[in-house]
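Asker: Below is a structure I'd like to ask you about.
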Amino acid sequence: MKHKLSRFAIPYVIWMALFVVIPIILVVVYAFSSASGGFTLENFSRLGTYTVVFTRSFRLALIATLICLLIGYPVSYMMSKEGPRFQRIAMVLIMLPMWMNFLLRTYSWMSILENNGLLNQLFQKIGLIALYNQVFGTDLTFFRMLNTQGAVVLGMVYNYLPFMILPIYSVIVKLDSSLIEAARDLGANTFHVFRRVILPLSLPGVLSGITMVFVPSVSTFAISKMLGGGTEMMLGDLIEQQFLGGAYNPQLGAAISLVMMLIVVACMVVMNRFGEGEEQAVML
Amino acid sequence: MSKELIRLRNLCMAFDDDPVLNNINLYINDKEFLTLLGPSGCGKTTTLRIIGGFTTPTSGDVLFDGVRINDVPPYRRKINTVFQKYALFPHLNVFENIAFGLRMQRRSDSADPAGKKQVRIPESEIQERVMEMLEIISLKGFEHRKPDALSGGQQQRVAIARALVNRPKVLLLDEPLGALDLKLRKDMQIELKRIQQQVGITFIYVTHDQEEALTMSDTIVVMDKGSIQQIGTPEDIYNEPKNAFVADFIGESNIIDGLMVRDNLVQMYGKQFPCLDGGFADNEPVDVVIRPEDIDIVSVEQGQLAGTVTNVTFKGMQYDIIVDFRGFKWLIQTTDHCPVGARIGIKIDPDGIHVMKKSSYSGMFGDYSSFSEEYDELDDASIGSDEEERGDET
């Protein structure tokens, strides 16, 4: 049996080697080489100039992850309380945007947030802008929403929220209902049932939700480019520029990628260590 | 000696118009070990869940100490539950599992004369009470283990301790021994009874295992199809079953169509047997229950009835033999060995005969032909139907 399994695993191993391991090795090799091909640490010493981009990326990704968690957890929790029919419909609604192309979705946000886009037109119609001008003594004809950090965070939340909801929901919905009954039986009111039983037992879902939102958020470049207008450069944009843009410098790009990867891995390790006890508990 | 603690009044329950409980009336005394016994789907667990507050009855009342508690949520009832699959909290160790209920409790502060201030139970008292419980369930030294590092029997005992540490008035147990193996189940039966006597509270126990019920209970409530069939002590239920269902469900019984000739005389197979029952109309059709152990095997000449042995199973303490009496097969337990095919006579003492009124269950139970057929299929074809034919006799 074991032998058979390993034979079936061969294609997977080849795939992993070709498309995961070798690219990582290439990234490492590039990061430590100069344009002429010799070994150098110069790429890393130049990273200092990009500290602003690093902190901005991690800050925005963190904010987006936090917002996703604040929206995603209650949604998952409430969904799991409803009947199976509601759960199915809600699940389809959550997945629906993901059936559309990622770029298309982000483009539509552009036209919603534009200076004379849908939202600003709506605000004009209902007199919100006039009211704002009156209250604050300004003279705006529209709210500037596009090309801000807020728009970038919005784009991240919109695109990655399902990745927060799904893992949390699937953990909560599988919780043994007799555990909740036992807690109620032992004198726990609704709040305590949540605080002492549901929350600790759903932590593994929360952790994987955080991972699945944070990692793509921190490395995104399409969202920041389209909704941030390129003014709010993030790590993804920076790396893209080194490979495809005018600042062509793949060695530097590799170094940035490597450092970003290491920081993300470090974050994940710390977080998983933190949640290890709970994870085992749910593995039962 | 004991006073009434819980009363169920005209309790009805339906899920989606599907009746689960029909008009349950029952009272439960303080410090009583009461068992709800019945096959799966008989409504016993639903009854338990209603008492525990997890299910709201469609109609009828639940009274606790004379007060209606239909709308009281589970955490306000002085009732705790041991769940079927234990439902221990996997993220907490044994100590914290047992302490869970105590940490939830708030009580009036003894230092506050008005008694308005609600305070937590002090940590020292929690420590003391949990340790005391660990002692009762003989699991001292296990307090830092996680539930998944315990055996089924140990988990079971933690679940009991977790409920008892709150000092409830009533402990509800939903088939708590179902997941344990036979040996452990027997030990836990004795253990449970001991714990119940030690803490001196009411246990309401749900099971489909009649032997468990007979071993532990003060009172047994036999249920089927959402109705109570009989309430009584284990002896009552066993010796004086009210109908064919109860007779069949509790222990083994041969249930034979009979005619009550007059008081103390019943007719089966056209023959009259003296018995100790009365109160029926003359010549009323009845069901007659005869327990397999109440039948004496004698020679054909001395017997009140004569039949042919069709099957013998060695059970250790006794033989279970199936005897064909004119097509109706009886189960007889005997220490004598009777070979298959032998003609035997039987004698039944008057106190071995129990007469029941006819009910909707009449004719459904009490014939052991299916039992012997199972064995026939396994047997060699030589013990065929022709031999059984010859067994038919007056």
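Asker: Quick one: B:CYS42 ticks every box in (1) farther than 21 Å from B:ARG167 by Cα; (2) at the interface with chain A (Cβ under 10 Å from one of its Cβ atoms); (3) touching an Asp or Glu at 6+ places or on another chain (Cβ under 7 Å); (4) modelled with pLDDT under 90 bar one, so which box is it?
Answerer: The single condition B:CYS42 does not satisfy is (2).
Asker: Within the stretch A:8-26, which residues are of a type in the set (Val, Ile, Thr) and closer than 23 Å to A:GLY253 by Cβ?
Answerer: Within the stretch A:8-26, A:VAL20, A:VAL21, A:ILE22, A:ILE24, A:ILE25 meet the criteria.
Asker: Still on this structure, please answer the following. In the stretch B:4-20, is there at least one residue being in contact with a Lys or Arg (Cβ under 6 Å, 6 or more places away or on another chain), away from chain A (no Cβ under 13 Å) and surrounded by 16 or more Cβ atoms within 10 Å (Cβ to Cβ)?
Answerer: No, that holds for no residue.
Asker: Return the residues of the stretch A:232-274 that are part of a helix (DSSP H, G or I), surrounded by 14 or more Cβ atoms within 10 Å (Cβ to Cβ) and charged (D, E, K, R); say none if nothing qualifies.
Answerer: Result: A:ASP237, A:GLU240.
Asker: Being in contact with a Cys (Cβ under 9 Å, 6 or more places away or on another chain) and farther than 18 Å from A:THR231 by Cβ is the filter here; which residues of the stretch A:107-158 pass it?
Answerer: A:VAL157
Asker: Is there a residue being surrounded by 19 or more Cβ atoms within 10 Å (Cβ to Cβ), more than 30 Å from A:SER36 (Cβ to Cβ) and hydroxyl-bearing (Ser, Thr, Tyr) anywhere in the stretch A:160-181?
Answerer: yes
Okay, residues lined up against (1) polar (S, T, N, Q); (2) surrounded by 17 or more Cβ atoms within 10 Å (Cβ to Cβ); (3) under 27 Å from the mean Cα position of the chain (by Cα); (4) not in a helix (DSSP H, G or I):
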position	(1), (2), (3), (4)
B:LYS140	no, no, no, yes
B:ALA161	no, yes, yes, no
B:LEU171	no, yes, yes, yes
B:LEU177	no, yes, yes, yes
B:LYS193	no, no, yes, no
B:GLN196	yes, yes, yes, no
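Asker: Let me ask something else. Just checking, how many residues over the stretch B:309-366 are surrounded by 16 or more Cβ atoms within 10 Å (Cβ to Cβ), within 31 Å of the chain's Cα centre (by Cα) and free of Cβ contacts under 8 Å to residues at least 40 places away in the same chain?
Answerer: Qualifying residue count, the stretch B:309-366: 6.
Asker: Condition (residue is within 14 Å of chain B (Cβ to nearest Cβ), among the small types (Gly, Ala, Ser) and either outside any helix (DSSP H, G or I) or touching a residue at least 40 places away in the same chain (Cβ under 8 Å) (or both)) applied to the stretch A:211-231: is it met by at least one residue?
Answerer: No, there is no match, as no residue in the stretch A:211-231 is within 14 Å of chain B (Cβ to nearest Cβ), among the small types (Gly, Ala, Ser) and either outside any helix (DSSP H, G or I) or touching a residue at least 40 places away in the same chain (Cβ under 8 Å) (or both).
Asker: Follow-up question, since we're still on this one. Restricting attention to the stretch B:122-136, does a residue exist that is touching a Lys or Arg at 6+ places or on another chain (Cβ under 6 Å) and modelled with pLDDT of 80 or more?
Answerer: yes
Asker: While we're here: Given (1) facing chain A (nearest Cβ under 8 Å); (2) buried (at least 21 other Cβ atoms within 10 Å of the Cβ); (3) in a loop (DSSP other than H, G, I, E, B), identify the lone condition not met by B:ASN80.
Answerer: The failed condition is (3).
Asker: Within the stretch A:160-173, is even one residue of a type outside the set (Lys, Arg), touching a Pro at 6+ places or on another chain (Cβ under 7 Å), part of a helix (DSSP H, G or I) and closer than 30 Å to A:THR220 by Cβ?
Answerer: yes
Asker: Separate question: Looking at this structure, is A:SER219 at pLDDT 90 or above and under 25 Å from A:ASN159 (Cα atoms)?
Answerer: No, not satisfied.
Asker: Would you check if A:LEU62 is within 16 Å of A:GLY228 (Cα to Cα) and in contact (Cβ under 8 Å) with a residue 60 or more places away in the chain?
Answerer: Judged against the criteria, A:LEU62 is not a match.
Asker: Consider only pairs whose beta carbons are under 7 Å apart and that are at least six residues apart or on different chains; among these, list those whose first residue lies in the stretch A:188-204 and is facing chain B (nearest Cβ under 9 Å) and whose second residue is assigned to a helix (DSSP H, G or I) and among the acidic types (Asp, Glu).
Answerer: A:PRO200/A:GLU278; A:LEU203/A:GLU278
Asker: Scan the stretch B:80-96 and give yes if some residue there is in the same structural domain as B:MET223 (by TED's automatic domain parsing), under 25 Å from B:PRO234 (Cα atoms) and hydrophobic (A, V, I, L, M, F, W, C), otherwise no.
Answerer: yes
Asker: For the stretch B:31-39, check the following and say yes or no: at least one residue is acidic (Asp, Glu), in the same structural domain as B:ALA161 (by TED's automatic domain parsing), modelled with pLDDT of 90 or more and within 23 Å of B:ILE201 (Cα to Cα).
Answerer: Yes, the stretch B:31-39 contains a residue that is acidic (Asp, Glu), in the same structural domain as B:ALA161 (by TED's automatic domain parsing), modelled with pLDDT of 90 or more and within 23 Å of B:ILE201 (Cα to Cα).
Asker: Would you point out the residue of the stretch B:291-344, among those that are of a type in the set (Lys, Arg) and in contact with a Phe, Trp or Tyr (Cβ under 9 Å, 6 or more places away or on another chain), that is farthest from B:TYR269 (Cα to Cα)?
Answerer: B:ARG291
Asker: Only one of (1) surrounded by 21 or more Cβ atoms within 10 Å (Cβ to Cβ); (2) facing chain A (nearest Cβ under 10 Å) fails for B:GLU96. Which number is that?
Answerer: It fails just one condition, (1).
Asker: Residues that are assigned by TED's automatic domain parsing to the domain that holds B:ILE24, at least 3 per element: which strands (runs of 3 or more DSSP E) completely within the stretch B:198-266 meet that?
Answerer: Result: B:202-207, B:219-224, B:227-232.
Asker: Further question on the same structure: Can you report the number of residues in the stretch B:60-77 which are closer than 30 Å to B:GLY152 by Cβ and more than 7 Å from chain A (Cβ to nearest Cβ)?
Answerer: 1
The values are calculated or read from the model by the stated rules, or taken from the named source; none is laboratory data. None of the values given here were measured: they were computed from a predicted structure. When we count neighbours, we look across all protein chains shown, and the Cβ atoms used for this are built from the backbone with ideal geometry, even at glycine.
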